[in-house]
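Participant: The following block contains the structure, expressed as structure tokens.
The values are calculated or read from the model by the stated rules, or taken from the named source; none is laboratory data. The structure displayed is predicted, hence computed values, not measured ones. As a convention, Cβ positions derive from the backbone with ideal geometry for all residues, glycine included, and neighbour counts pool all protein chains shown. Only protein heavy atoms, including side chains, enter the accessible area calculation; ligands, DNA and RNA are left aside. Shrake-Rupley method; radii C 1.70, N 1.55, O 1.52, S 1.80 Å.
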Amino acid sequence: MYIDIVPNRNSPPAILLRKSFRKDGRVCKRTLDNLSDWPPEKIQRLRQVLRNEPLVHPDEAFTIESSTPHGHIELILEMIRRLGLPRLIATRDSAQRRLIVAMIAQRIVRPQSKLATVRQLSQTTLADELGLGDFDENALYQAMDWLHERQGAIEGRLVRRHLGEHAPVLYDVSSSYYEGATCPLMRFGYSRDGKRGRPIVVYGILADGDGRPLAMQAYAGNTGDTRTVADQIEKLRRLHDLENLVLVGDRGMLTQTQIDMLRDHPGIGWISALGHDALRALVDEGSVRPGLFDRFDLAEIRSPGYPGERLVVCFNPFLQERRAQQRGELLDSTEQALMKIQREVARRTRKPLTEQEIAHRVGRVDNRFRMAKHFEYVIRDGHFEFSRNTGSIEREQALDGLYVLRTSQDADQLPASDVVRGYKSLGKVERVFRNLKSVDLQIRPIRHRTEDRVRAHLFLCMLACYVQWHLLEALRPVLYHEEQPDPRHNPVAPPEASAALKRKKATHRTEDGLKAHSFATLIDELGTRCRNQCRFNQLPDAPLVALTSEASPIQKRAMELVKVYPVA
């Protein structure tokens, strides 16, 4: 069918709806209707329909008033809902609870100061999704004060959810620097951030055996790591009603003094490690000897110096090789620096260097390379000689690749291999600290002026890390992570990447053929999916219509993984 315009000599042309067909080899026309009385706009629409043309071009149909990133917000809020985090924070809905959830999600998307967070919340769909309404930075500060009052109750719910009797509890301490001079927590101490001249705040994190952060406590910046242990034990037992736990800490945290304190709590066991001097003593007394590792790379021993404890001795040939190589490089560097001093002493004949001047130069080399125990010196005015102490080097070589773990747990409760796995799981807490301090969550720098606000800020970051931990677990198939880590691999040997992970890193593709991502780039990719507010041009008085852009394959896959992730 088509529209035909037939001219008339003394009248307007006739507009006819016709159909053409063939008959006996000739093209014939049949008039179906007379459209002469139709308005031109109606005729034009019918012509477009007959030609299979769109009636209205998309640019003419509606106008996009605004486009707001939505995909990453949808993913994070889905995980927050699956975790039941809002009810963990408070059982009843309130404006404060919604603001806290918003700050947790925003810190995962793009960590900013609270003032910048107010602006960022309006630049995504987060504020609309949570129904925040009008708010400013003062509302965020008030919500943080509200969160600080509820910290103990929230930590209690998290601990009861993820910890049971005889469960391993990982504990470690870190610190972050402070911008300002008003918070009483900020003191000068050992800065792990390398920021000299800045006060710091110390904070300890308790995590379960899988590395989920469950509780956080802040301390003054001049607080020693070991002084926090007793406080954490009391916190677990008094606030969370846990009587039987296994505390896992490194040898700098669980010193002999702290272990003696733990003996006063019969239900609290521990896993820690011995230092270099203690390992040397075990070798000298014959408790640790090379024949222990003829068949296996770990052995369990007893020693009179550690009554009531089990000692698990481990031998790692990869660690042995690395330590030997590192020591050789340090010895060579130290020797070159000492030879430089020796040449300078020999050159200074007119005004020889004094014994104190030479010793000062040698001390600087010792402080730099930490190899003084492996050298012997002869220092006098105008004279300097040195040589390697081969006996000291050989004694240290005998310890290469060895380390000893100590625990109070019986073998039927905790086999030797699980002792090693439990201690190595401290690396999961280190990853928590890296996520907190890196570009993911950016716990630092801290700028809040009051102690309660600093504590609330740290706890808020811990809750964001708790959500991120579950996101990382759920999204393993599309990240550069092992999809199914082997929990029973040799605990002494370093973990080896699976064939699937090696293939993913080599091709930068997942098993589904999608692009593999880091967590940060995946969040950026999800953020490209937008919610558009559209206005129909033909209906200017009609309300705006929200249209979300179609999800890409990687965006669909990420949402599927979060929706099927099993939550405790």
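Participant: Based on what the data block shows, is Leu547 in contact with a strand residue (DSSP E or B) (Cβ under 7 Å, 6 or more places away or on another chain), open to solvent by less than 100 Å² (accessible area, probe 1.4 Å), farther than 30 Å from Ser417 by Cβ and aliphatic (A, V, I, L, M)?
Facilitator: Numbers: in contact with a strand residue (DSSP E or B) (Cβ under 7 Å, 6 or more places away or on another chain): yes; open to solvent by less than 100 Å² (accessible area, probe 1.4 Å): yes; farther than 30 Å from Ser417 by Cβ: yes; aliphatic (A, V, I, L, M): yes.
Judged against the criteria, Leu547 is a match.
Participant: Within the stretch 550-563, restricting attention to residues that are touching a residue at least 24 places away in the same chain (Cβ under 8 Å) and charged (D, E, K, R), which residue is least open to solvent (accessible area, probe 1.4 Å)?
Facilitator: Arg557
Participant: Taking the stretch 133-160 as the search range and keeping residues that are among the hydrophobic types (A, V, I, L, M, F, W, C) and within 23 Å of the chain's Cα centre (by Cα), which one is farthest from Leu214 (Cα to Cα)?
Facilitator: Of the stretch 133-160, the ones among the hydrophobic types (A, V, I, L, M, F, W, C) are 135, 139-140, 143-144, 146-147, 153-154, 158-159.
This time we only want the ones that are within 23 Å of the chain's Cα centre (by Cα), so: 144, 147, 154, 158-159.
On the way: Met144: 18, Leu147: 15, Ile154: 9, Leu158: 6, Val159: 6 Å.
Taking the candidates together, the pick is Met144.
Participant: Starting from the stretch 173-187, keep only residues that are under 11 Å from Ala220 (Cα atoms) and open to solvent by 30 Å² or more (accessible area, probe 1.4 Å), then list their pairs with residues that are of a type outside the set (Val, Ile, Thr) and in a loop (DSSP other than H, G, I, E, B) whose Cβ atoms are within a distance under 7 Å, requiring at least 6 positions of separation or different chains.
Facilitator: Pairs that qualify, where the first residue is under 11 Å from Ala220 (Cα atoms) and open to solvent by 30 Å² or more (accessible area, probe 1.4 Å) and the partner is of a type outside the set (Val, Ile, Thr) and in a loop (DSSP other than H, G, I, E, B), are Arg187/Pro199; Arg187/Gly221; Arg187/Asn222.
Participant: Can you list the helices (runs of 4 or more DSSP H) lying wholly within the stretch 194-298 that have 3 or more residues being open to solvent by less than 10 Å² (accessible area, probe 1.4 Å) and of a type in the set (S, T, N, Q)?
Facilitator: Result: empty, no element qualifies.
Participant: If you take just the helices (runs of 4 or more DSSP H) that sit entirely in the stretch 40-135, which of them hold at least 1 residues that are open to solvent by 80 Å² or more (accessible area, probe 1.4 Å) and either closer than 25 Å to Ala456 by Cα or hydroxyl-bearing (Ser, Thr, Tyr) (or both)? Walk me through how you get there before you give the answer.
Facilitator: On the way: elements: 40-50, 58-61, 71-83, 85-89, 95-109, 114-121, 126-130.
Passing ranges, in order: 71-83, 85-89, 114-121, 126-130.
Participant: Sticking with this structure for a sec: For the structure I just gave you, tell me whether Leu32 is open to solvent by 50 Å² or more (accessible area, probe 1.4 Å), aliphatic (A, V, I, L, M), out of contact with any Phe, Trp or Tyr (no Cβ under 7 Å at 6 or more places or on another chain) and touching a residue at least 12 places away in the same chain (Cβ under 8 Å).
Facilitator: yes
Participant: Residues of the stretch 206-236 being without any contact (Cβ under 8 Å) to a residue 60 or more places away in the chain and touching a Lys or Arg at 6+ places or on another chain (Cβ under 6 Å), which ones?
Facilitator: Ala220, Gly221, Asn222, listed by residue number.
Participant: Could you say whether any residue in the stretch 149-157 is of a type in the set (A, V, I, L, M), farther than 30 Å from Ile554 by Cβ and in a helix (DSSP H, G or I)?
Facilitator: Looking through the stretch 149-157, at least one residue is of a type in the set (A, V, I, L, M), farther than 30 Å from Ile554 by Cβ and in a helix (DSSP H, G or I).
Participant: So Glu179 ticks every box in (1) in contact with a Pro (Cβ under 7 Å, 6 or more places away or on another chain); (2) modelled with pLDDT of 90 or more; (3) within 23 Å of Met103 (Cβ to Cβ) but one. Which box is left unticked?
Facilitator: (2)
Participant: Next up: Among residues belonging to the stretch 491-508 that are surrounded by 14 or more Cβ atoms within 10 Å (Cβ to Cβ) and in contact (Cβ under 8 Å) with a residue 24 or more places away in the chain, point out the one that is nearest to Gln555 (Cα to Cα).
Facilitator: This residue is Lys504.
Participant: Then there's this: Out of the stretch 509-534, which residues are under 21 Å from the mean Cα position of the chain (by Cα) and either open to solvent by 70 Å² or more (accessible area, probe 1.4 Å) or free of Cβ contacts under 8 Å to residues at least 12 places away in the same chain (or both)?
Facilitator: Within the stretch 509-534, Lys515, Thr521, Asp524 qualify.
Participant: Still on this structure, I have one more. Would you check which residues across the stretch 304-321 are open to solvent by 10 Å² or more (accessible area, probe 1.4 Å) and either in a loop (DSSP other than H, G, I, E, B) or over 14 Å from Glu396 (Cβ atoms) (or both) and list them?
Facilitator: Result: Pro304, Gly305, Tyr306, Pro307, Gly308, Phe315, Asn316, Pro317, Phe318, Glu321.
Participant: Another question about this same structure. Checking the structure you have, find out if any residue of the stretch 309-322 is under 14 Å from Val419 (Cβ atoms) and of a type in the set (D, E, K, R).
Facilitator: yes
Participant: Now, a different point. Would you check which residues across the stretch 143-172 are surrounded by 20 or more Cβ atoms within 10 Å (Cβ to Cβ) and touching a His at 6+ places or on another chain (Cβ under 6 Å) and list them?
Facilitator: Val159
Participant: Continuing with this model, one more query. Criterion first (more than 12 Å from the chain's Cα centre (by Cα) and either within 17 Å of Arg192 (Cα to Cα) or open to solvent by less than 10 Å² (accessible area, probe 1.4 Å) (or both)) does Pro445 satisfy it?
Facilitator: Yes, satisfied.
Participant: Report, ordered by the first and then the second residue, all pairs with beta carbons closer than 6 Å, sequence separation of six or more or different chains, a first member in the stretch 107-124 that is in contact (Cβ under 8 Å) with a residue 40 or more places away in the chain, and a second member that is buried (at least 16 other Cβ atoms within 10 Å of the Cβ) and aliphatic (A, V, I, L, M).
Facilitator: Short answer, once both residue conditions are applied: Arg107/Leu441; Arg107/Ala464; Ile108/Ile76; Ile108/Ala464; Pro111/Leu441; Thr124/Ile73.
Participant: Suppose the filter is touching a strand residue (DSSP E or B) at 6+ places or on another chain (Cβ under 9 Å), within 21 Å of Ile554 (Cβ to Cβ) and open to solvent by 10 Å² or more (accessible area, probe 1.4 Å); does Leu472 pass it?
Facilitator: Spelling it out, Leu472 is indeed touching a strand residue (DSSP E or B) at 6+ places or on another chain (Cβ under 9 Å), within 21 Å of Ile554 (Cβ to Cβ) and open to solvent by 10 Å² or more (accessible area, probe 1.4 Å).
Participant: Here's a follow-up. For the structure I just gave you, tell me whether Lys437 is open to solvent by 40 Å² or more (accessible area, probe 1.4 Å) and not acidic (Asp, Glu).
Facilitator: Here the answer is no, as Lys437 does not meet what is asked.
Participant: Another question, then. Go through the stretch 449-481 and give me each residue that's in a loop (DSSP other than H, G, I, E, B) and modelled with pLDDT of 90 or more.
Facilitator: Pass one, the stretch 449-481, residues in a loop (DSSP other than H, G, I, E, B): 449-450, 475, 480-481.
Thr450, Leu475, Tyr480, His481, listed by residue number.
Participant: Which of the residues that make up the stretch 77-106 are in contact (Cβ under 8 Å) with a residue 24 or more places away in the chain and small (Gly, Ala, Ser)?
Facilitator: Selection gives Gly84, Ala90, Ala95, Ala102, Ala105.
Participant: Looking at Ile80, Ile73, Ile64, which one is over 29 Å from the mean Cα position of the chain (by Cα) and either among the β-branched types (Val, Ile, Thr) or more than 30 Å from Thr548 (Cα to Cα) (or both)?
Facilitator: Working: Ile80 fails: over 29 Å from the mean Cα position of the chain (by Cα); Ile73 fails: over 29 Å from the mean Cα position of the chain (by Cα).
None of the other options fit; the residue is Ile64.
Participant: Could you check the stretch 518-531 and list, in sequence order, the residues that are polar (S, T, N, Q) and over 16 Å from Ser552 (Cα atoms)?
Facilitator: Ser518
Participant: Which fully enclosed strands (runs of 3 or more DSSP E) of the stretch 352-408 have 2 or more residues being open to solvent by 30 Å² or more (accessible area, probe 1.4 Å) and more than 30 Å from Arg289 (Cβ to Cβ)?
Facilitator: Details: elements: 375-380, 383-388, 402-407.
Correct list: 375-380, 383-388.
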